[in-house]
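The values are calculated or read from the model by the stated rules, or taken from the named source; none is laboratory data. Keep in mind it's a predicted model, so treat the numbers as computed, not measured. Here the Cβ positions follow ideal geometry from the backbone for every residue, glycine too, while neighbour counts run over all protein chains shown. The accessibility values were calculated without ligands, DNA or RNA, using every heavy atom of the protein model including side chains. Shrake-Rupley method; radii C 1.70, N 1.55, O 1.52, S 1.80 Å.
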Amino acid sequence: MNSFQRFGKHLIIPPKTAATVHLLSFATWFGTVVYTTFVAGITMFKNLPRRTFGTLQSKLFPLYFQLCTAMIGVQVLTLTAMPDIISKASELSLAVSFIATLINLLYLEPSSTRVMFDRYSLEDDGKRESDEYKSLAKSFGMFHGMSSLANLIALCGGIVHGVRMASMLVV
């Protein structure tokens, strides 16, 4: 018996209810990630002025990562009530997705946003050619890159878990 199964004994919902909640939380999370990453984000980037895009993302991303973290958490909790679905692949993929998303929520997104607004302030002061601005631009690129990578790692975890769930549909 693994750690998820031991914890699952304390989850007081029937397996079919847990499966329904699990599937709905997976669909909400996975759909949100795919849409935000590959449709909305790219469309906004291509069609909005840079500062408008950045300001909008600074409002959307905290909510995005909160929703994603919550939905993965629900999946972890409901997985414990479904012994037929539990596998090392599901446990590991959800754990990786949860950790990557939590890091984005608590560290990478806030850091990226703070640096972005610091850059905007220097631009307003006419210091775009300063060493401080160049340093902030480098920091922003690093935080943004790590955030994007963590988001894609979480998405890969979702694909692994989705494939595992789909394999359970074949009887």
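Overview of values
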item	result
Spin-label model distance (nm) - residue 92 vs residue 128, 7 Å beyond Cα toward Cβ	4.8
GNM top mover of 48, 79, 105 - the chain, alpha-carbon springs below 10 Å	48
Mean accessible surface per residue for the range 58-132, computed with a 1.4 Å probe while every protein chain stays in place, in Å²	50
Top of 47, 104, 151 by mean-square fluctuation, Gaussian network on the chain, Cα under 10 Å	47
Separation in nanometres of the label points that stand 7 Å from Cα toward Cβ, at residue 50 and residue 146	2.3
Cα principal axis extents for the chain, largest first, Å	63, 30, 23
Qualifying GluC sites (Glu not before Pro) for the range 81-166 [loop in DSSP, other Cβ within 10 Å: at most 11]	129
